Amino acid sequence: MREKLLEKLRSEDRAEVREAIEALVDYPDEEVVRKIVEVMKDTRSKAVLEAAENTLSSFTDLSDVVCREVVKLFKIEEPKLRHAAIEILSSYGNACLEVVQRELLSNGDYNMRKFGLDVLSRINTKESLEKIISALSDENPNVKFTALEYMRNFPHMKEEVVRGVMEVIPHVSDLYGLTTLASTIIYGNFKDERLIKPLREKLKEIGDPMGKHWIYKILVFLGDKEIYSEALENARAIGMEMDIKKDLEIFGS
């Protein structure tokens, strides 16, 4: 039966291929993993890719093999394929961290490092958060601020997130980074008084009123009453007064 199912993987009929992949869930071995991954490389069928995701994600006793083979899919520039790879790798949790670190996070291509962060954000463990925090020092701003954004996914690890945010605040200066910083802290609901001091220091460094606006938004969220009047004054200068007033209504007391 196993051999017949592997043979059907070469069929031109996508429905037959999907059915074969679903049936191969009962035959977890290294060859089956490789064959399914090969099929994934050559298809753009959503149904086939979903079947492959489900089957490969179930081979828990073959995590090393699955992680090693699936990570190769990132080399193919096809969004559906890369999304499937992210889903499969993240389903294995910490079991795939070593492969993700070696093949993605340590890759010279910043896009691959971002894919690694996509996986880590879905694994959602202390170990994956540690690797995301390490990426805050990445030289590429796209990687660094993607890592910062994904820290919102760890509200249950507030202490670790706050420490990571405190480390990155001194190194954020452009508008992209400041808006991401505000989004992470506010929408992640990371309310911690320890963030106030480094944010006030950051205010002194920023000359752009729009950049200051995002720091003021965070400080209002944190309940720093001493900056309320200057936050409003700055907001008036850039036509954002209503934005700050709304924040004061929500977070001020």
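Rule-based calculations on the coordinates, nothing more; no lab input. Computed from a prediction, not measured in an experiment: that's the story for all the values here. Here the Cβ positions follow ideal geometry from the backbone for every residue, glycine too, while neighbour counts run over all protein chains shown.
Check the straight Cα-Cα distances from Lys75 and name the lysines below 22 Å, setting aside those fewer than 8 residues away within the same chain.
Reachable lysines: Lys35, Lys41, Lys46, Lys114, Lys131, Lys144.
Could you give me the percent of Cα pairs per 10 Å distance bin for the stretch 149-189, shortest bin first, beginning at zero and ending with the bin that holds the maximum distance?
Percent of Cα pairs in each bin: 30, 60, 10.
If you scale each eigenvalue of the Cα gyration tensor by 5 and take the root, what three semi-axes come out for the stretch 120-168, rounded to whole angstrom and sorted largest first?
Numbers: eigenvalues 50, 27, 14 Å².
The three semi-axes for the stretch 120-168 are 16, 12, 8 Å.
Which translational diffusion coefficient, to the nearest whole µm²/s, is obtained for the chain from the Stokes-Einstein equation, given a Kirkwood hydrodynamic radius over C-alpha pairs, 25 °C and 0.890 mPa s?
Values: Rh = 20.4 Å.
Here the translational diffusion coefficient equals 120 µm²/s.
Set the Förster radius R0 to 30 Å, insert the Cβ-Cβ distance between His83 and Ser137 as r into 1/(1 + (r/R0)^6), and round the FRET efficiency to 0.05. Mind dumping the intermediate values first?
Details: r = 27 Å, r/R0 = 0.91.
Efficiency computed from Cβ-Cβ geometry: 0.65.
Just to check I understand the Karplus step: with θ = phi - 60° and J = 6.51 cos²θ - 1.76 cosθ + 1.60, what whole-Hz values come out for the stretch 106-116, glycine and proline as x?
9, 6, x, 8, 4, 5, 5, 5, 5, 4, x
If you take the beta carbon distance between Asp29 and Asp109 as r and set R0 to 45 Å, what does 1/(1 + (r/R0)^6) give as a FRET efficiency, to the nearest 0.05? Mind showing how you got there, number by number?
Working: r = 32 Å, r/R0 = 0.71.
For Asp29 and Asp109, the calculated efficiency is 0.90.
So how tilted is helix 209-221 from the main axis of the chain? Cα-based, degrees 0 to 90, rounded to 10.
80 degrees
Could you work out [θ]222 nm for the chain from helices alone, using -39500 (n - 2.57) per DSSP H run of at least four and dividing by all its residues? Round to the nearest 500 deg cm²/dmol. Intermediate values should be presented prior to the final figure.
On the way: 16 runs with 167 residues, N = 253.
Helix contribution divided over all residues of the chain: -19500 deg cm²/dmol.
For a test of the definition: using alpha carbon positions, the gyration tensor, and the 1.5 limit on a/c, classify the stretch 183-253 as rounded, prolate or oblate.
oblate
Given Cα positions, please report Rg to Rh for the stretch 1-123, the hydrodynamic radius being the Kirkwood one.
0.97
For Asp13 and Asp208 in the same chain, what is the full-extension length gain: residue separation times 0.36 nm, less their Cα-Cα distance, in nm?
64.3 nm
Would you mind checking the stretch 136-158 for residues with the amide N under 12 Å from a putative spin-label position 7 Å along Cα→C-beta of Tyr187?
Only 149-153 fall inside the zone, counting backbone N under 12 Å.
How large is Rg over Rh for the stretch 131-253, taking Rg from the Cα atoms and Rh as the Kirkwood inverse mean of 1/r across Cα pairs? Show your work: numbers first, answer last.
Details: Rg = 13.7 Å, Rh = 14.4 Å.
On the Cα set of the stretch 131-253, Rg over Rh gives 0.95.
Between Glu159 and Glu249, what is the FRET efficiency for a Förster distance of 41 Å, r being their Cβ-Cβ separation, to the nearest 0.05? Write down the numbers at each step before the final one.
Working: r = 29 Å, r/R0 = 0.72.
So the FRET efficiency works out to roughly 0.90.
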